[in-house]
Amino acid sequence: MSQAEGPPPELTPRGGPVADVLEVIRTLYMMVCHLMGNTVTSDVVDSARVCIKVFLSAFERMDSKLRAEESVPMWITSYNFISLMNLPEAMTHFGPLRNLWEGGGQGEKMIQQVKPIMRGLRKNWQRQVMTKLMCNMALNRLVSCQMQVNDPVAIGDDASIEGTEESSAGGAGALYKCYASAVAVLTAFHQNVPLSVVILNDGSYGCIVERGARLVPLIRLHVAWTKIGMSYYQWTCNIDAVVTMRGRVISHYALMLPRLTATGLPRIGNENSSQYAVITSEWEELNKEGVVGLV
C-alpha cells in the first residue's frame with residue numbers, strides 16, 4: 001500500500017462468465033436426453049451426433065478460459081470425452097445405449113462375487129471358479145426363496161415418507177410407483193418431493209394409487225420458472241377428483257422434479273412451492289409450450 005505506484009492491481013478470478021458453465025450443463029443435459037432414449041432411428045442418431053458436438057464445443061469454450069495457454073484442451077486428453085464421438089455409431093449397430101449397461105448382476109457387479117472365490121491361476125482355474133460361483137448362486141437363490149415363503153416381503157420403512165409401494169404391474173422393474181393412497185400423494189406433493197406420475201393419452205397427468213386401480217389428477221397451470229432449458233410449472237393436486245384407471249391409456253411414464261432452493265432443499269410453504277418440471281422415461285421433457293418432447 002505504501003509503494004510509490006500505489007497498491008498492486010486487483011487479481012480477477014480465472015475463468016469465463018457463469019453463462020459458459022450454465023451452457024455446458026444445458027448442452028450436457030440435451031446430449032444425455034438424445035442418447036438415453038428407448039428407441040433408435042436414423043434421425044435420433046443424427047440428433048445425438050449434433051448434440052455431442054455442441055456439448056464438446058461448449059465445454060471447450062469453458063475450458064479454454066480456465067487452462068494455461070500452452071496446455072492441451074481437456075476434451076482431447078480425456079478418453080471419456082473422445083469416446084463420446086463413438087456413441088452414434090454404437091447406437092446404429094446395437095440399438096438403445098441404455099440396454100448396453102453392464103452394471104448390476106449381469107455385468108461388473110458380478111466381480112464382487114467372483115473375487116472371494118479366486119485362489120490363484122492354477123490348472124483349470126476357470127472351471128473351478130465357475131463351478132463354485134454357480135453353486136453359490138444356486139444356494140443363495142434357494143435361501144432367498146425359502147425366506148420369502150416364511151416371511152413375505154413387506155413394504156419398507158423408507159416408503160412410509162411418500163406412502164409408496166412397488167407397482168403391482170412391474171415389481172422392481174416398474175416404470176411408475178403405485179402410491180398407497182390419495183392422501184399419500186397429497187402429502188408428497190405439499191412436501192415438494194419428486195413424484196412418480198403417468199401421462200395419459202388425453203394429455204392429463206396423475207399419480208397411480210390403490211394398486212393401479214385409480215388416478216389422483218395433477219393439474220398443470222402455467223410456467224412459473226425456466227432454468228437451463230427446463231420449464232417448471234405451477235401445479236395443483238385435488239384428491240377429491242380421483243378417477244378410475246379403467247379405459248384410460250398411459251402414453252408416458254414420468255418424474256415430476258420439484259424446484260429447489262439455492263441450498264438444494266425443497267421449497268415448502270412459500271410462493272414458489274408446488275412448482276415441478278417433468279421428464280419422461282424416454283428422457284423427454286415438458287417444455288414451455290406444454291409439449292412433451294426432446295429438448
Report the Cα centroid-to-centroid distance between region 16-63 and region 276-295 in angstrom, as an integer.
16
Quote the relative contact order of region 190-295 in percent (integer), defining contacts as alpha-carbon pairs under 8 Å separated by 6+ residues.
28
Summing -39500 (n - 2.57) over the DSSP H runs of n ≥ 4 in the chain and dividing by its residue number, what mean residue ellipticity at 222 nm do you reach, to the nearest 500 deg cm²/dmol?
-10000 deg cm²/dmol
Quick check: residue separation of I228 and L66 times 0.36 nm, minus the Cα distance between them. What number comes out in nm?
56.2 nm
Hey, rough spin-label estimate for A4 and M110, points 7 angstrom out along Cα→Cβ, what's it come to in nanometres?
7.8
Plugging the Kirkwood radius over Cα pairs into Stokes-Einstein for the chain, at a temperature of 25 °C and a viscosity of 0.890 mPa s, what D comes out in µm²/s?
104
Nearest 20 debye, what's the magnitude of the dipole of the chain about its Cα centre given +1 on Lys and Arg Cβ and -1 on Asp and Glu Cβ?
1160
So, how do all the Cα-to-Cα distances of region 159-293 break down into 10 Å bins, in percent, from 0 on up?
13, 46, 35, 7, 0
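Within the chain, count lysine pairs with alpha carbon atoms under 23 angstrom apart where the residues are 8 or more positions apart or belong to different chains.
Numbers: K53/K65; K53/K227; K109/K132; K115/K123; K115/K132; K123/K132; K227/K288.
Eligible lysine pairs with Cα atoms under 23 Å apart amount to 7.
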Take the Cα pairs of region 18-104, get the Kirkwood Rh, then feed it into Stokes-Einstein at 37 °C and 0.692 mPa s and tell me D in µm²/s.
236
Along the chain, longest interval not containing exposed trypsin sites (Lys or Arg not before Pro), exposed being DSSP loop plus at most 16 other Cβ atoms within 10 Å
124-210
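Would you calculate the convex hull of the Cα atoms in region 1-54 and tell me its volume per residue in Å³? Don't skip to the answer; put the middle values down first.
Values: hull volume 4.0 nm³, N = 54.
For region 1-54, the hull spanned by Cα atoms encloses 74 Å³ per residue.
All of the numbers you see were taken from the coordinates with simple rules; none came from a lab. Keep in mind the model is a prediction, meaning the values are calculated, not measured. Because the Cβ atoms are built from the backbone with ideal geometry, glycine has one as well, and the counts that use them run over all protein chains shown.
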